[in-house]
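Below is one structure, written out as structure tokens; comments come after it.
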Amino acid sequence: MINSYGKRFATDYLKANEIAITNIKQIIDTEKINCDFAFQNSYVYTTKKSELATIKKEVESVSSLGFPCEFVTKTGLPFDVVGAVCFKNQAQFHPIKYLSGLVNSITSHGGKIFTHTIATNIENDPDFTCVVSTNQATVRSKFVIVASHYPFVNFPGFYFAKMYQSTSYLIAMDTKKTLFNGMYISASDPIFSYRTAKFKGKKLLLVGGGEHKTGHPSCYADTYGMLEQEAKKFYPDGEVLFRWNTRDCISLDKIPFIGRYSPSMPNVFLGTGFKKWGMTLSCVASNIIVDLICGKANKYEYLFKPSRLHPIKNRDELKNVLVQSANSLLFDKFKSGNMNFDQIQNNSGSIVEINNQKVGIYKNSDGQIYAVKPICTHLGCLLSWNDIDKTWDCPCHGSRFDYMGNNIYDPAFKNLDVYTSPSV
Ligand SMILES: Cc1cc2nc3c(=O)[nH]c(=O)nc-3n(C[C@H](O)[C@H](O)[C@H](O)COP(=O)(O)OP(=O)(O)OC[C@H]3O[C@@H](n4cnc5c(N)ncnc54)[C@H](O)[C@@H]3O)c2cc1C
Ligand code: FES
């Protein structure tokens, strides 16, 4: 960040996130939310000698911003590291318990939450009242905050050309071995994240990794399988109790979008692109958006302006931006393979050509066939089959649909067209 945007920018980015940790702790204390909150040390580690200099440089860079961090060679991990950056007093908490506390707090103060209500469009009245169309009703309001993960209004804003989604996988293991304290993430690929969580009075091991762009092909062995293999090296008695994956939005310059949605919709606000740091960054977003609505200056607003045009100084980053940007607009990116209808195994799926039309076929474990039109209802990209979750995923902006064509993840909100007969 220092290389790309300079020291002042990096210092303010860091401070905004540190303030968010204090804010979250205050909310937890004031609202008496029981969410296993603990201050923990957080480590970025390497096991490769070739990365030692980079780790040391990181310690130097962070220290130069006036933030206390330490170079260490000993951690709580069950394997040796060559070096690690240790950040003290970071926050660990159970996000669902925390959100549940926030929900109680909102409703007990008279706020209302409407679930199963999909917003489909936002327009401005001439007097700048916002009109939100949903699948249940039309809502008019002076201000609107879009916190829908990936923004669902394509024009204006054009966020589909500025963001992608990335999926990561996690396993939770029960082990008799004593588990470490702290939170750990490796410095380079393959990324592994080690943490613990409380579950029914026990401390479980969480191991994360296997990241890939949402909608790009992957397999069990490269995701859950790889995590399990890695964890078993150090916890051979470990029993996997849970496996899950989730995605987050990544902006092309890796800085979140927080602020006004577009100059032509001045009363609509946005918080997205949290790049897997949404616990603190969502709190940063709340503080900035509240100040904007109340007409107050916020000293961190400039960092995240959605309308920004930062020159990206880092060459590798610039190359990444150009590749991702082109990818987000290649609507027919994944060509259907050579598979024909009969080659599709039970409990698997693929795109096949039938009567010159692309058809997405899934055969369940009994051989029953589900056929969908494999074209994303967001902006029309060709979907790809995800054999881990048995879903149709979009390589452009990360929308996902189950094998029956039901939309399960944004930014799309409409279901796929379904063929009632595979003969089409
Ligand atoms: C593997 C993994 C590990 C992570 N670990 C960490 C971590 O250690 N620390 C950290 O800080 N962050 C972490 N994150 C990131 C964090 O989980 C996310 O940044 C955060 O949850 C994103 O919050 P959000 O509110 O933007 O989106 P969401 O939590 O996805 O909420 C968006 C909501 O909007 C709803 N919605 C979508 N479209 C519409 C619509 N059209 N109308 C109405 N509602 C709609 C959705 O149903 C959903 O309820 C991690 C993420 C991943 C993937
Ligand atoms: S998510 Fe945008 S086209 Fe599919």
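Assorted remarks:
- Value of relative contact order over the range 341-419, rounded to a whole percent, pairs C-alpha under 8 Å and six or more apart: 22 percent
- Under the Karplus curve 6.51 cos²θ - 1.76 cosθ + 1.60, θ = phi - 60°, whole-Hz ³J(HN,Hα) for the range 49-55, x wherever Gly or Pro sits: 4, 5, 9, 4, 4, 5, 4
- For A91, the residues whose amide H sits under 5 Å from its own are Q40, ignoring neighbours fewer than 5 places away on the same chain, with H placed 1.01 Å from N.
- Along the axis of the charge dipole computed for the range 341-419 (Cβ charges of +1 for Lys and Arg, -1 for Asp and Glu, origin at the Cα centre), the listed residues W385, V418, I369 are led at the positive end by V418.
- When the listed pairs K142/K275; K373/K414; K275/K390; K213/K275; K49/K275 are checked against a 19 Å cut-off, the alpha-carbon distance exceeds it for K142/K275; K275/K390; K49/K275.
- Sequence-ordered 3J(HN,Hα) estimates for the range 119-130 from the Karplus curve with 6.51, -1.76 and 1.60 and θ = phi - 60° stand at 6, 10, 7, 10, 10, 9, 6, x, 8, 6, 6, 8 Hz, glycine and proline given as x.
- Inter-label distance, nm, simple model (7 Å from Cα along the C-beta direction), T22/F79: 3.8 nm
- Per-residue Cβ neighbour counts within 10 Å put R247, R140, R308, R260 in the sequence R140, R308, R260, R247, beginning with the fewest.
- Taking the inverse of the mean reciprocal distance over all distinct Cα pairs, the Kirkwood hydrodynamic radius of the chain comes to 23.7 Å.
- Three-way shape call for the range 341-419 based on the alpha-carbon gyration tensor, with the a/c threshold at 1.5: prolate
- Relative contact order of the chain, taken over Cα pairs closer than 8 Å and 6 or more residues apart, is 14 percent.
- The chain - mean residue ellipticity at 222 nm from DSSP helices (-39,500 (n - 2.57) per run, n ≥ 4, rounded to 500): -7500 deg cm²/dmol
- In terms of other Cβ atoms within 10 Å, K176, K373, K202 run from fewest to most in the order K176, K202, K373.
- Other-chain or far-sequence residues with amide H under 5 Å of T214's (modelled H): Q165, S166, T167
- Once backbone amide H atoms are built at 1.01 Å from N, T391 has N386 as its partners under 5 Å, excluding neighbours fewer than 5 places away on the same chain.
- Neighbour counts of other Cβ atoms within 10 Å put S399, S100, S108 in the fewest-to-most order S108, S100, S399.
- Antiparallel %, DSSP beta bridges [both residues in the chain], to 5: 90 percent
- Cα-only radius of gyration and Dmax that characterise the range 210-305, units Å: 19.1, 58
- Across the range 110-226, C-alpha contacts under 8 Å between residues 6 or more apart give a mean separation that, scaled by the residue count, equals a relative contact order of 18 percent.
- With each label modelled as a point 7 angstrom along the Cα→C-beta vector, the N355-Q343 pair spans 2.3 nm.
- In order along the range 8-16, the phi-based Karplus estimate (6.51 cos²θ - 1.76 cosθ + 1.60, θ = phi - 60°) of 3J(HN,Hα) comes to 5, 4, 5, 5, 5, 4, 5, 5, 4 Hz; Gly and Pro are listed as x.
Each value in this text was obtained by applying a stated rule to the coordinates, not by laboratory testing. From a predicted model like this one, the values you see are computed outputs, not experimental measurements. Note: ideal-geometry Cβ built from the backbone for every residue, glycine included; neighbour counts use all protein chains shown.
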